[in-house]
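Below: one structure, written as structure tokens.
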Amino acid sequence: MFLLNSDIFIWDLAILLIMTISLSIGIGSIVIMRRKRNTFFGLFGLFGFFGFLIITYASFIEPQIIMVTKVAVSHPLAQPLTIAVISDTHVGPYKGEAFLQRVVKRINNLLPDIVVMPGDFVFTRSADPKELAPLADINAPLGVFAVLGNHDVGQYLSPSGTRYSGKDRGDNIAKTLESFSVQVLRNEHTVLELINGTVAIAGIDDLWTGHHDLPTSMSGIPANTYTILLSHNPSVIDSPESTTAHLVVSGHTHGGQLRLPGIGPIPKLPTSLGQSFDQGIFPLEDDRTLAITRGVGESGARSRLLAWPEILLIELRPTP
């Protein structure tokens, strides 16, 4: 759907222009080099070809590569648990049912006990939530749980970093997900009974809406219950109420979506936590853990660079 959707036309046009300019520089410099026998133009030509290849790879190849990242987190239960995390599916002009089918197939091959999805199921205003239908095929014996993200409820970020509001489709997306046997947690929790204890999974509405309610989501969780908190935005750890959760699972950052070796994310991350909280596992005080997945979809440009679409597999292992 390159250049054919009005919601992403400007982004695709920018990619096309950069590719055209890079290729033109490469070809033109090589022609000049052959005529003038000047190696400078040869190096400049290689730079142009390299830029063309990088843009092509980042825009059309890497976004289709699905990686599985396995991490281990200790917990006080006697029973090990495996949690698969997928976030930021962003169905719409970039990703649709075919890509989600591939994601679900990879998840099922991992045999997770629980699957959690911390938000941003759609990308643009024109995205159809029905394209999330492959999620109905997820196999997880203890359940599939989700919270909504800022795109789902019409809260967006402009290229300049300014937040703006659009149509809130949260209720419709939540109902669609429920029809696919996904339990959407909106300032609430559920308790799972295990063989050797209980696990609570709490979830809140997206922080940017102002409708999140951490105290309500945590209220009534039995004492000594291992608690997992789902929040699309990892900035939730700034809230004192989040300290009652043992594991916080988030998305939202995309790992920066564009990264450079030794530097990390190029764009400023849309959180209050700083550039270092980009992706992965972060130990917090009081034996708490924050897990941030870079997600599987894209927003803004269709490009990913060194930030491959990710299924995060968290293995909860009993504390020795």
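THR253 is checked against (1) at pLDDT 95 or above; (2) farther than 24 Å from ASN108 by Cβ; (3) in contact with a Pro (Cβ under 6 Å, 6 or more places away or on another chain) and fails just one. What number does that condition carry? With (1) at pLDDT 95 or above; (2) farther than 24 Å from ASN108 by Cβ; (3) in contact with a Pro (Cβ under 6 Å, 6 or more places away or on another chain) applied to THR253, the lone miss is (3). Within region 170-211, take every residue that is over 24 Å from ALA84 (Cβ atoms) and surrounded by 15 or more Cβ atoms within 10 Å (Cβ to Cβ) and give me the one that is farthest from the chain's Cα centre (by Cα). Per the criteria, the residue is HIS211. Residues that are touching a strand residue (DSSP E or B) at 6+ places or on another chain (Cβ under 8 Å), in the same structural domain as VAL103 (by TED's automatic domain parsing) and under 23 Å from PHE60 (Cβ atoms) do occur in region 272-283. Being assigned to a helix (DSSP H, G or I) and either over 18 Å from PRO159 (Cβ atoms) or of a type in the set (A, V, I, L, M) (or both) is the filter here, so list the residues in region 1-18 that pass it. The answer is ILE10, LEU13, ALA14, ILE15, LEU16, LEU17, ILE18.
Region 275-320 holds strands (runs of 3 or more DSSP E) entirely within its bounds, and those carrying 1 or more residues that are buried (at least 23 other Cβ atoms within 10 Å of the Cβ) map to 288-292, 310-318.
Number of residues in region 204-230 that are touching a residue at least 60 places away in the same chain (Cβ under 8 Å) and not charged (D, E, K, R): the value is 3. The residue that is nearest to GLY154 (Cα to Cα), among those in region 219-248 that are more than 19 Å from the chain's Cα centre (by Cα) and part of a helix (DSSP H, G or I), is ASP238. When THR216 is tested against (1) more than 22 Å from the chain's Cα centre (by Cα); (2) surrounded by fewer than 15 Cβ atoms within 10 Å (Cβ to Cβ), exactly one condition is not met: (2). All of (1) touching a residue at least 40 places away in the same chain (Cβ under 8 Å); (2) surrounded by fewer than 21 Cβ atoms within 10 Å (Cβ to Cβ) hold for ASN139 with one exception: (1). Is region 53-65 home to any residue that is among the small types (Gly, Ala, Ser), in contact (Cβ under 8 Å) with a residue 40 or more places away in the chain and touching a helix residue (DSSP H, G or I) at 6+ places or on another chain (Cβ under 7 Å)? Yes; the residues of region 53-65 include at least one that is among the small types (Gly, Ala, Ser), in contact (Cβ under 8 Å) with a residue 40 or more places away in the chain and touching a helix residue (DSSP H, G or I) at 6+ places or on another chain (Cβ under 7 Å). Per this entry, VAL249 is counted among residues that are within 30 Å of ILE8 (Cα to Cα), crowded, with 18+ Cβ neighbours inside 10 Å and in contact (Cβ under 8 Å) with a residue 12 or more places away in the chain.
Could you please let me know if VAL115 is closer than 24 Å to ILE173 by Cβ, free of Cβ contacts under 8 Å to residues at least 40 places away in the same chain, in the same structural domain as ILE195 (by TED's automatic domain parsing) and in contact with a Phe, Trp or Tyr (Cβ under 8 Å, 6 or more places away or on another chain)? Yes, satisfied. Looking across region 19-41 at every residue that is among the polar types (S, T, N, Q) and part of a helix (DSSP H, G or I), the one that is farthest from ILE55 (Cα to Cα) is identified as THR39. Listed by first and then second residue, the pairs with beta-carbon distance under 6 Å, at least 6 apart or on different chains, first residue in region 301-320 and aliphatic (A, V, I, L, M), second at pLDDT below 95, are ALA301/TRP11; ILE314/VAL73; LEU316/VAL73; LEU316/HIS75; LEU316/LEU81.
All of PHE145, PHE121 fail the test of being in the same structural domain as ARG106 (by TED's automatic domain parsing), touching a strand residue (DSSP E or B) at 6+ places or on another chain (Cβ under 6 Å), at pLDDT 95 or above and of a type in the set (Phe, Trp, Tyr), apart from PHE145.
The values are calculated or read from the model by the stated rules, or taken from the named source; none is laboratory data. Just so you know, these numbers come straight off a predicted model, no measurement behind them. Ideal geometry is used to build each Cβ from the backbone, glycine not excepted, and the neighbour counts take in all protein chains shown.
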